[in-house]
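Data block below; observations after.
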Amino acid sequence: MAINSDVLEVKSMTARLLDGKRVAAEIRDEVGNEVRAFVQSGGPTPCLTAVLVGEDPASQVYVRNKAKACEKAGIDGRTMRLPADTTQIQLVEVVRGLNADPAVHGILVQLPLPAGGNGGQGFNERAILDTVDPNKDVDAFSPVNVGLLMQGRPRFLPCTPHGIVQLLHREKISVAGKHVVVVGRSDIVGKPMAMMLAQRDGSCGREVANATVTIAHSRTANLAEVCRSADILIAAVGVPEMIGGDMVADGAVVIDVGINRVEDGAGGYKLVGDVNFAEAMDKASAITPVPGGVGPLTIAMLLHNTLLAAKQS
Ligand SMILES: Nc1nc(=O)c2c([nH]1)NC[C@@H]1CN(c3ccc(C(=O)N[C@@H](CCC(=O)O)C(=O)O)cc3)C=[N+]21
């Protein structure tokens, strides 16, 4: 039998890059315009206050990026820097003070709190987050806001999942009827992400709804197989390059939420995602890079929530 060279040719796709950085800039511009209009119509200048405990280098970078983004959008971005030896009681008092300050519309307690904090005992993170006034909870971490989201009537949408919803919407990637696999079940990303994509009416962001969602995690049996069954694969595990090319179906859309600092082999550090980018690139139809993917969207949605908080105040 003659060998048909067309059939034997190894087909490898090269995925379209989903440019989170560009989409984030677009959203930040929109929020900036809305902020100007709001202030011109007599509204207060929206104010976001980030609380940063200790000196974690990554947290410093994030908080600085947030402050810069606020400034560009006409939002008053403040950072309260507290020493690493701050106690639980002192931190709760700081948050209460911000709750009571009418000039502050959004409060963000930067996570993670320092491990050896609160006099070596560690912080009770949940108790701190529960102290934030739900009307100022621009992270959407408070039980009230999580509950409202769960019921499909959100007040604030959590920033990272909302950023992903916006990216899918603006890149015209429909999730309706598709199988989405979310790897990771954190309160910050995995759980709300799954809820938002599965919900009925689009209350959590435009037309991005009606997906069939699987939540996978470290205990999932046959994880690779489950991932391969995804039309849209969302990786939010926090393990560098854990999702290999063998876990990605041909033509899948891959959203990489991971931001991991690893040694670059030249004495420095580089950022990698939870997905092996080079391998996934050959399988996926579209993929987010790290950096320049989901990270910048998180900050854009934080600005959006701060404006919303100011409008609702
Ligand atoms: N209360 C609270 N809310 C948060 O939203 C929150 C937090 N704590 N703690 C830490 C995580 C992480 N996070 C990021 C935001 C932007 C980028 C980002 O812009 N990343 C750039 C690269 C930045 C770099 O060079 O390190 C990118 O992916 O292109 C990354 C990570 C928000 N977080």
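The values are calculated or read from the model by the stated rules, or taken from the named source; none is laboratory data. Please read all numbers here as calculations on a predicted model, not as lab measurements. When we count neighbours, we look across all protein chains shown, and the Cβ atoms used for this are built from the backbone with ideal geometry, even at glycine.
Brief remarks on what is shown
Residue by residue, here is whether (1) more than 12 Å from the ligand (Cβ to nearest atom); (2) under 27 Å from S313 (Cα atoms); (3) not acidic (D, E) holds:
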{"site": "V61", "(1), (2), (3)": "no, no, yes"}
{"site": "R64", "(1), (2), (3)": "no, yes, yes"}
{"site": "A73", "(1), (2), (3)": "yes, yes, yes"}
{"site": "Q88", "(1), (2), (3)": "yes, no, yes"}
{"site": "R96", "(1), (2), (3)": "yes, yes, yes"}
{"site": "N99", "(1), (2), (3)": "yes, yes, yes"}
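- Y269 fulfils the conditions (1) within 10 Å of the ligand (Cβ to nearest atom); (2) surrounded by fewer than 17 Cβ atoms within 10 Å (Cβ to Cβ); (3) modelled with pLDDT of 95 or more except for a single criterion, (3).
- Pair list, Cβ < 6 Å and 6+ apart or interchain, from region 102-119 residues that are within 18 Å of I299 (Cα to Cα) and part of a strand (DSSP E or B) to residues that are within 16 Å of the ligand (Cβ to nearest atom) and basic (K, R): G106/K136; I107/K136
- Of the residues making up region 44-56, those that are within 19 Å of the chain's Cα centre (by Cα) and under 16 Å from P83 (Cα atoms) are A50, V51, L52.
- Number of positions in region 274-306 that are of a type in the set (S, T, Y), more than 6 Å from the ligand (Cβ to nearest atom) and buried (at least 24 other Cβ atoms within 10 Å of the Cβ): 2
- Region 161-194: number of residues that are crowded, with 21+ Cβ neighbours inside 10 Å and either of a type in the set (A, V, I, L, M, F, W, C) or part of a loop (DSSP other than H, G, I, E, B) (or both): 13
- The set of residues from region 223-270 being in a strand (DSSP E or B) and under 16 Å from the mean Cα position of the chain (by Cα) comprises L233, I234, A235, V254, I255, D256, N260.
- Residues being free of Cβ contacts under 8 Å to residues at least 40 places away in the same chain and buried (at least 24 other Cβ atoms within 10 Å of the Cβ) - total across region 242-251: 2
- Any hit, region 203-217, residues being out of contact with any Lys or Arg (no Cβ under 7 Å at 6 or more places or on another chain) and within 16 Å of the ligand (Cβ to nearest atom): no
- Within region 47-59, being more than 10 Å from the ligand (Cβ to nearest atom) and either in a strand (DSSP E or B) or not assigned by TED's automatic domain parsing to the domain that holds A103 (or both) holds for C47, L48, T49, V53.
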